[in-house]
């Protein structure tokens, strides 16, 4: 399975964050939506649990009810307002159903071996509910979707039983479903506090700062704000209503080098509510720094394929661990016969250097001053989020679990997750890497230079910032490999020359070999927030890690772009030529001082 982590800039307009916030018990009017869900769940269970075509032994409803706003501006003008025309951005209610027929030991969700990926959600279905609190309309919509989900589940169970008859015995014969205790958790419904008019004016004003820079081809500053109430109701008695809100400002810009290579940079800022986002002064400073970095990247040399010592700086290290470790300890991958099973049989054995430990803790809302995008109070299976100790002093302890058991791990630890319209599987939340071998970045850099000299390499590399990455976990023709996509990379020379900014490089490798190359870590833990795409769609995630010193890492050239540079000068600078366009004095150039002088963190 290829899985991908991406920055907010790519997906925030479609898949909005799901951050739980604390609230007092609800004292408002009766919740018609909740009552309708409970009523239909009880009615369906009573009618279908003894049905001859296939007994319904479990049914759950997930509803995402709320509003969101996406505003963006470019060069002083508003260019997107998707609150009214995007069905995932305006007021909407999405219903997801999980219908299970058969028994917990063998039901319709059992994977069909040899069938590839089944994204059809054999356990359920999705539909849009009325946004009015009209009991009759709501119950009719829920009833129609439940009927379709049950029929699909019955058909799927027939296929499951036939598949088991014609295939060899499975290596993992664990049950298909973990029956967890019911949860009652009812918080007030979420409402939006966004001042949309004021934010539109701010975005227009800030986006106009790019006008003075003729070599910036595209730029945008965007706001994404959501106010949701998530519901979970099942036939075991769970009744969950959880308010969620989140706000983010994103700055993005791109340019081209003289050889046609496209260069993109991003900056983002998060808060629970829009009034917690940075001031205009902070955002303006971030814009000017981003412009300076793009100008420097334009003229930076392109790196050839290379293998040698490197420092993977904190945020890049967070993505590094998310890709090459996090996906391989998601529980459902240990059960799937088509997976690579990198760590399936390594519980109790060393899998990382002894100075490293890893937890996944979706109960954490913040790391330092940074909000964690992978935070939630209940997962999408209705199970409380739990801090899960995955690796302790290098030794693998357990896996991330949803409600699909595997041999040796019969219960969920609150990591069943999915986007709207897809069934849940075990997924990462807030993956946090800690180290007992922490050193200052300056010392880490000295060790890098020593390692370069020892290996007689011409230089080492420092990966300072990244845009995302992806990995392959399947046991197929493709290799068990990963790729991290850096944005800012520097060469570090052993003879004392200044660090040199370079471009056009991807960080690649295979998991087990890469772990063995980790020599030490920094003391500069930082957060990467993004979205991760896998079988259950895109879900919000965070990864936290310190900088890593690796004795060896491999890089490859990025895919080239063969488009020519603009033939016409930009209309705001008709006198400018591409090769002699001059940045304005406001631009802050990229420092070429050693990275050790920079503070850690985001």
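The values are calculated or read from the model by the stated rules, or taken from the named source; none is laboratory data. Everything quoted here is computed from the prediction, not taken from an experiment. Note: ideal-geometry Cβ built from the backbone for every residue, glycine included; neighbour counts use all protein chains shown.
Checking the stretch 429-438 against the condition returns no match, with no residue being within 22 Å of residue 489 (Cα to Cα) and out of contact with any helix residue (DSSP H, G or I) (no Cβ under 6 Å at 6 or more places or on another chain). Looking across the stretch 548-587 at every residue that is surrounded by fewer than 17 Cβ atoms within 10 Å (Cβ to Cβ) and modelled with pLDDT under 50, the one that is farthest from residue 290 (Cα to Cα) is identified as 582.
Taking (1) farther than 30 Å from residue 558 by Cβ; (2) under 25 Å from the mean Cα position of the chain (by Cα); (3) in a strand (DSSP E or B) in turn, residue 275 satisfies each apart from (3). For the stretch 296-312, a residue qualifies if it is in contact with a helix residue (DSSP H, G or I) (Cβ under 7 Å, 6 or more places away or on another chain) and either free of Cβ contacts under 8 Å to residues at least 40 places away in the same chain or crowded, with 24+ Cβ neighbours inside 10 Å (or both), and the qualifying residues are 309, 311, 312.
If you go through the stretch 515-542 and pick out every residue that is surrounded by fewer than 23 Cβ atoms within 10 Å (Cβ to Cβ) and either under 18 Å from residue 433 (Cα atoms) or at pLDDT 95 or above (or both), you end up with 9. Against the numbered list (1) closer than 25 Å to residue 332 by Cβ; (2) modelled with pLDDT of 90 or more; (3) outside any helix (DSSP H, G or I), residue 168 comes up short only at (2).
Residue 174 falls short on exactly one of the conditions (1) in a loop (DSSP other than H, G, I, E, B); (2) under 21 Å from residue 44 (Cα atoms); (3) touching a strand residue (DSSP E or B) at 6+ places or on another chain (Cβ under 7 Å), and that condition is (2). Could you list, in sequence order, all residues of the stretch 267-285 that are closer than 21 Å to residue 76 by Cβ and surrounded by fewer than 18 Cβ atoms within 10 Å (Cβ to Cβ)? If the condition is that a residue be closer than 21 Å to residue 76 by Cβ and surrounded by fewer than 18 Cβ atoms within 10 Å (Cβ to Cβ), then 278, 279, 280, 281, 282, 284, 285 are the ones that fit.
Let's see how each residue does on (1) at pLDDT below 95; (2) in contact with a strand residue (DSSP E or B) (Cβ under 6 Å, 6 or more places away or on another chain):
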| residue | (1), (2) |
| --- | --- |
| 276 | yes, no |
| 280 | no, no |
| 283 | no, no |
| 290 | no, yes |
| 305 | yes, yes |
| 328 | yes, no |
| 334 | yes, yes |
| 348 | no, no |
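Looking across the stretch 336-345, the residues that are assigned to a loop (DSSP other than H, G, I, E, B) and in contact with a strand residue (DSSP E or B) (Cβ under 7 Å, 6 or more places away or on another chain) come down to 338, 340, 343.
If only one of 328, 315 is in a helix (DSSP H, G or I), touching a residue at least 12 places away in the same chain (Cβ under 8 Å) and farther than 23 Å from residue 268 by Cβ, which one is it? Exactly one residue qualifies, and that residue is 328.
I'd like to know if the stretch 427-436 contains one or more residues that are touching a residue at least 40 places away in the same chain (Cβ under 8 Å), surrounded by fewer than 24 Cβ atoms within 10 Å (Cβ to Cβ) and within 23 Å of residue 532 (Cα to Cα). Yes, the conditions are met somewhere in the stretch 427-436. Can you say whether residue 444 is in contact (Cβ under 8 Å) with a residue 12 or more places away in the chain and either within 27 Å of residue 370 (Cβ to Cβ) or assigned to a helix (DSSP H, G or I) (or both), as far as the supplied structure shows? Spelling it out, residue 444 is indeed in contact (Cβ under 8 Å) with a residue 12 or more places away in the chain and either within 27 Å of residue 370 (Cβ to Cβ) or assigned to a helix (DSSP H, G or I) (or both). Residues in the stretch 346-375 that are in a strand (DSSP E or B) and touching a helix residue (DSSP H, G or I) at 6+ places or on another chain (Cβ under 8 Å) were compared, and the one that is nearest to residue 426 (Cα to Cα) is 360.
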